[in-house]
Amino acid sequence: MKKEYTLLLGVLGVAVGVLGYFYGYQKFVEKADAIEAQNIVDEQEIARLQALEENREQYLADAKTYNTEIAKLVNEFPSNFLPEDDIKYAYSHSSEDESKLMLFNMMSFASPADVYTTQAYVSAGDTQFVEAISIPSYTLYKAQTSYSIQCTYDSLKEMVKDMYNAEGHKTIEDITVVFDSATGMLSGTMVSDTYFVYGQDKPYSQPSLAPVQFGTDNIFGTIELESSSETQTETVAAEASAE
């Protein structure tokens with residue numbers, strides 16, 4: 001009986017040992033491995049943050065320089081754009097001179113489209129750093145205008161050249177013209193895109209057209225030439241009065 005009791009105690013001891021290993025020690029080992037892996041991640045993050053802190057002043061100085069360059073680039077674009085701007089543009093470039101004919105017979109405008117908005121991408125732990133460098137937010141818009149035009153070949157080239165030199169914020173998306181053998185002119189359509197950046201400190205500059213005089217019978221300022229018959233009549237009358 002004593003031997004059986006001793007054997008039973010031995011079996012129970014082994015069972016307790018096995019259970020303790022699987023439900024105790026093994027879980028502690030797994031937790032220890034997880035903690036060690038997390039420690040490695042934390043050490044890498046600490047090293048990264050320490051490197052950022054050591055170079056903090058340089059990063060802030062570089063960010064200030066970059067912000068200045070960005071502001072300079074953004075300032076090249078208008079802060080807003082309205083249909084009145086392209087109306088003025090067409091008005092200032094229209095001409096009835098036969099050698100430089102440029103007539104805008106019709107204009108239509110599309111609502112400005114959002115092209116791109118600047119964003120600051122912040123990783124964990126960098127929020128205060130990004131707030132310190134004050135990254136501005138800008139939105140680039142595209143306003144589209146369609147024209148119905150009648151012009152000479154030379155005036156069309158001048159228009160293309162002028163838009164090309166419009167400080168990089170005006171482009172031509174499409175030109176379709178045909179030659180009119182009856183007039184010797186070109187007629188068709190043109191589509192232009194104007195880009196502006198919203199979010200700038202500078203105000204919108206309203207277009208100003210040349211003033212039109214009030215109380216005049218000739219609002220277009222044309223010159224009326226006297227006919228030859230009227231000139232001859234006045235000359236004869238003057239000679240008769242002189243005699």
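Data for the structure
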quantity	calculated
S94-I175 pseudo-label distance in nm [points 7 Å out on the Cα-to-Cβ vector]	2.0 nm
Cross-link table K72/K100; K170/K202; K64/K161; K64/K202, entries beyond 29 Å C-alpha to C-alpha	K72/K100; K64/K161
Computed accessible area, K142, all protein chains, 1.4 angstrom probe, square angstrom	60 Å²
Sequence of S108, S192 when ordered by accessible area, the most exposed leading, probe 1.4 angstrom	S108, S192
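The values are calculated or read from the model by the stated rules, or taken from the named source; none is laboratory data. Please read these numbers as outputs of a predicted model, since none were measured by experiment. No Cβ is skipped: glycine too gets one built from the backbone with ideal geometry, and neighbour counts run over all protein chains shown. Remember, those area values only see protein heavy atoms, side chains included, never the ligands or the DNA or RNA. Shrake-Rupley method; radii C 1.70, N 1.55, O 1.52, S 1.80 Å.
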